Amino acid sequence: MGGQYRITGDKYPRMRRPRGRRRLVFLVVASVTALGLVGWGTLQLIDVFTGKGDKATAAGTKSDCTSTAGPSAKATTASTTSTAAGTLPRPGQITVNVLNATPRSGLAKQTADELKKRGFRIGDVGNATATYDKKVNGAGILLGAKGAAQAALPVLGTQLSGAEVKTDGRAQADRVDLIIGTAFKSLTKKEDADKALATLSGPRPAASASPKSC
């Protein structure tokens, strides 16, 4: 080549990109990488403080449901059933006053003797007081303390179908009255009374709680 500039030797100059441009590209790539790492770390922190916390809560709920339906719940049901059945006294724990409110003589002693054969203890036997004498139109009245309404009176009631149950202010719950009314014919047949007593004294189904939704 002619002119002012000449190339000498066997090496030629190479065209290179300016170093400033390469540095700019490197900084851009590094910035994008750093931002990506920061975003990934943020997502991990969110999982730690939210995602796993929800799982732990769900696990705790499942555990509660398991414990509700577990052995302790069965034990509670059995205890409730046992307690309900255990509140009723046996005939031998009940003292019955047999009182005749009818004009028929000897009815109180006859009834008292039959109740004694069936296992009841017998207290007073005789005529009813003026409050009830000749004033009981039904088969009879079973009278006792308020505490006997769910104990001694239902047990005695198995022996006389159709008897009216009343309570008064007496304190002794295991001593009750059987007041014979004008419609009285006889006590309930022993076999029927025994069946009624067995049903009354048997295990009662306990109220079951609604299962928890899990």
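The values are calculated or read from the model by the stated rules, or taken from the named source; none is laboratory data. Nothing here was measured: the structure is a model prediction, and the numbers come from that model. Accessible surface areas use protein heavy atoms only, side chains included; no ligands, DNA or RNA. Shrake-Rupley method; radii C 1.70, N 1.55, O 1.52, S 1.80 Å.
If the segment from Gln172 to Ser105 were pulled out straight at 0.36 nm per residue, it would be longer than the present Cα-Cα gap by 21.3 nm. Note that segment 97-109 has calculated 3J(HN,Hα) couplings of 8, 9, 10, 9, 9, 10, x, 7, 7, x, 5, 5, 5 Hz, one per residue in order, obtained from phi through the Karplus relation 6.51 cos²θ - 1.76 cosθ + 1.60 (θ = phi - 60°); glycine and proline are x. Accessible surface ranking for Phe26, Phe184, 1.4 angstrom probe, highest first: Phe26, Phe184. The Cα-based radius of gyration and maximum Cα-Cα distance (Dmax) for segment 117-166 are 11.5, 29 Å.
Give me the number: length gained by fully extending Val165 to Leu37, i.e. 0.36 nm times residue separation minus the C-alpha to C-alpha distance, one decimal in nm.
Details: separation 128, 0.36 × 128 = 46.08 nm, distance 8.42 nm.
The span from Val165 to Leu37 would gain 37.7 nm if fully extended.
Protein-only accessible surface at a 1.4 angstrom probe places the residues Lys135, Lys146, Lys166 in the order Lys146, Lys135, Lys166, largest first. The value given for segment 102-196 is a Kirkwood hydrodynamic radius of 13.5 Å, derived from the mean inverse Cα-Cα separation. Remark: the Leu24-Gln93 segment gains 14.5 nm on full extension, using 0.36 nm per residue and subtracting the alpha carbon distance.
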